């Protein structure tokens with residue numbers, strides 16, 4: 001990782017970056033959002049470089065400017081599986097500021113990644129200097145978390161019936177193809193009847 005722009009105030013932030021950041025921090029004033037984005041560091045990460053490590057607390061809130069990352073979780077058996085991809089405009093690292101807990105997953109650069117990084121020290125300074133900012137900041141995080149939980153709940157409710165429907169459809173296709181146990185038994189029974197008919201009637205092979 002290298003820092004290419006250390007707390008240098010930017011003249012302009014792209015509209016899609018501002019919109020994405022504003023969605024996560026929806027209760028901040030416009031000037032507060034602009035200040036945080038313009039005073040952020042710019043960091044560049046190489047492919048496969050770990051940006052956030054699972055079970056360690058992030059030191060910043062990250063906004064992806066270019067590139068993409070993989071979010072990876074470690075299982076109880078120490079196997080790693082990919083949860084999702086994030087790319088331009090996506091924000092991560094912010095939830096650790098809500099519960100002061102370590103990251104629940106690792107974030108790894110998939111390509112070269114350029115990200116705006118709003119440091120914890122900057123946020124803490126703003127929280128100490130303006131209590132009302134703290135209220136808006138944490139309210140924003142709570143709303144974002146609630147929206148994600150609702151989306152996850154809707155996904156599970158929608159996914160389970162579809163998964164069951166797909167499973168039944170797959171089983172039906174297997175039965176039609178004779179691959180399922182029921183279909184295989186019917187196929188074997190048909191073969192037995194055919195052989196019995198041939199023995200009864202005398203097949204050309206048997207006459208020879």
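Values as computed for the structure displayed
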read-out: Hull-based mean projected area of the stretch 34-93, where the convex hull spans the alpha carbons, in square nanometres; value: 4.6 nm²
read-out: Ranked by how many other beta carbons lie within 10 Å on average, peptides 97-109, 141-153 from highest; value: 97-109, 141-153
read-out: Percent of Cα pairs exceeding the 22 Å cut-off, where the set is the stretch 2-152; value: 39 percent
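Only the coordinates and a few stated rules stand behind these numbers; no lab work does. Fair warning: this is a prediction, and the values are worked out from it, not measured in the lab. As a convention, Cβ positions derive from the backbone with ideal geometry for all residues, glycine included, and neighbour counts pool all protein chains shown.
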